[in-house]
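Below is one structure; the comments refer to it alone.
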């Protein structure tokens, strides 16, 4: 498996769905902490207005890829 758990973080930025994959030591990652990590690790998100942050733990090994699902915000 992974050396560190991988998380798929999905969010809305400027009314557009976005996602990033992060490695993190914790077994779980809540949306508030994930948003903080996104702001630290991705310069383009530092001052961005993010909404609807969602976290999914990825269980597939990195060499199998991360089939990133779409993010949909209910109207």
Restricting the range 40-62 to residues that are more than 14 Å from residue 13 (Cβ to Cβ) and surrounded by 12 or more Cβ atoms within 10 Å (Cβ to Cβ), the one modelled with the lowest pLDDT turns out to be 62
Counting only residues in the range 15-39 that are free of Cβ contacts under 8 Å to residues at least 24 places away in the same chain, surrounded by 11 or more Cβ atoms within 10 Å (Cβ to Cβ) and within 17 Å of residue 59 (Cβ to Cβ), the one nearest to the chain's Cα centre (by Cα) is identified as 22
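The values are calculated or read from the model by the stated rules, or taken from the named source; none is laboratory data. Small disclaimer: the values here were computed from a predicted structure and weren't measured. Heads up, the Cβs are rebuilt from the backbone with ideal geometry, glycines too, and the neighbour counts pull from every protein chain shown.
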